[in-house]
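Asks: Got a structure for you, written out below as structure tokens; questions coming shortly.
The values are calculated or read from the model by the stated rules, or taken from the named source; none is laboratory data. What you see is a predicted model, and the numbers here were worked out from it, not measured in a lab. Using ideal geometry, Cβ is built from the backbone for each residue, glycine included, and neighbour counts are taken over all protein chains shown.
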């Protein structure tokens, strides 16, 4: 896995929000930033149209790079312009990235359905953790860091992927100086989820140096409601995704889809490690 953060950019408000978030993450990780524009141009037989579409894509990419360089003066920022299926190209690029950041369009946004299909494909298939960022309502997409306290919320169930979710959440909280709120939804039907939650919280309380404040919370509700609720304003919600094969690996699931649709804060999706 590479050492750069990969961000998808197309000039839209949600991609600008993703770029701003990715730039801050690159800074705290001390990682390079790769700004990627993917365009699905017309048939190569239509040469003039192809050249026009490619020129427009290049202009959008240049805009993204300029924005990133303003946010990260003196930092490594590299552009990549690709032609093809956006979801597939992003997944391919993610194999050599430490993190993929994509934008989330708001429900009802123009072209939102098409964009959400690309985002969902990338989230479900990426070879690294993915963070999906939504632009502020009515804003330009230049999301500022939230003011005041917040927390990193980790959705913990009884599956093998819970350990990867907790690890990602603790490291993210450490980088940004935030506490972790580890949430288990007692209504998810995972009988051993509370035991897994207790074990992971105890392990990371001992392991994290400097110590990251970790609060365990069992909520008598379904997972989506439990993660969207809470009296503390989340700065990031982290959930797992089974990526080891089969239909469930190809689909994100109702909880993940619900968070991507409803959550205002960024949502991180961490793949369950392959067995063995």
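Asks: Looking only at residues in the stretch 137-155 that are in contact with a helix residue (DSSP H, G or I) (Cβ under 7 Å, 6 or more places away or on another chain) and modelled with pLDDT of 85 or more, which one is farthest from residue 216 (Cα to Cα)?
Replies: Here the answer is 152.
Asks: While we're here: Among the numbered conditions (1) modelled with pLDDT of 95 or more; (2) in a helix (DSSP H, G or I); (3) crowded, with 18+ Cβ neighbours inside 10 Å, tell me where residue 67 comes up short.
Replies: (1)
Asks: Looking at (1) at pLDDT below 90; (2) surrounded by 20 or more Cβ atoms within 10 Å (Cβ to Cβ), which one does residue 1 not meet, given that it meets all the others?
Replies: Result: residue 1 passes all but (2).
Asks: Among residues belonging to the stretch 70-97 that are in a loop (DSSP other than H, G, I, E, B) and touching a strand residue (DSSP E or B) at 6+ places or on another chain (Cβ under 6 Å), point out the one that is nearest to residue 258 (Cα to Cα).
Replies: Among them, the one singled out is 97.
Asks: Modelled with pLDDT under 90, out of contact with any strand residue (DSSP E or B) (no Cβ under 7 Å at 6 or more places or on another chain) and in a loop (DSSP other than H, G, I, E, B) - does that describe any residue in the stretch 110-124?
Replies: yes
Asks: Quick one: residue 58 ticks every box in (1) at pLDDT 95 or above; (2) surrounded by fewer than 16 Cβ atoms within 10 Å (Cβ to Cβ) except a single one, so which number is it?
Replies: (1)
Asks: If you go through the stretch 25-46 one residue at a time, do you hit one that is surrounded by 19 or more Cβ atoms within 10 Å (Cβ to Cβ), modelled with pLDDT of 95 or more and part of a helix (DSSP H, G or I)?
Replies: yes
Asks: With a cut-off of at least 2 residues that are at pLDDT below 95 and under 22 Å from the mean Cα position of the chain (by Cα), name the helices (runs of 4 or more DSSP H) lying wholly within the stretch 170-276.
Replies: Answer list for the stretch 170-276: 223-228, 247-250, 254-262.
Asks: Looking at (1) at pLDDT 90 or above; (2) farther than 30 Å from residue 273 by Cα; (3) over 15 Å from the mean Cα position of the chain (by Cα), find the lone condition where residue 92 falls short.
Replies: Result: residue 92 fails condition (2) only.
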